[in-house]
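> Let me give you the structure first, and then I'll get to my questions.
Laboratory data are not the source of any read-out in this text; all were calculated from the coordinates shown. Being a predicted model, the structure only gives us computed values, none of them experimental. Neighbour counts are summed over all protein chains in view; Cβ atoms, including those assigned to glycine, are modelled from backbone coordinates with ideal geometry.
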Amino acid sequence: MIDTKTKELMSISASVTAHCLSCLEYHVNRAKEFGADDDEIRQAIAIGKAVAQGAAQTLEDFIPTLTCGIRTKPFPKDIEAL
């Protein structure tokens, strides 16, 4: 069985990956309530950021297969252009 502190640290990572600010705030506070220290929280955030970055790169690599090999602008710049 996974203890509550670990579940909250996992939820922090998931919140970062989902870009859910209210979720992140909630789970950081809950993790602290269950004894997580700042270093553990920073590690959970770093894991979420790494997963999100990997997903963004995977999407960037996949887009050309949908556009018959035509290169599109990098994904982050597409967002900036909006």
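> Taking 0.36 nm per residue of sequence separation and subtracting the Cα-Cα distance, how much length would be gained by fully extending the chain between LYS49 and ASP3, in nm to one decimal?
Details: separation 46, 0.36 × 46 = 16.56 nm, distance 2.30 nm.
Gain in length upon complete extension: 14.3 nm.
> I would also like to ask the following. Counting only other residues whose beta carbon sits under 14 Å from that of TYR26, what net charge do I get with K and R as +1, D and E as -1?
Working: positive: LYS7, ARG30, LYS32; negative: GLU8, GLU25, GLU33.
Charge balance in the 14 Å sphere: 0.
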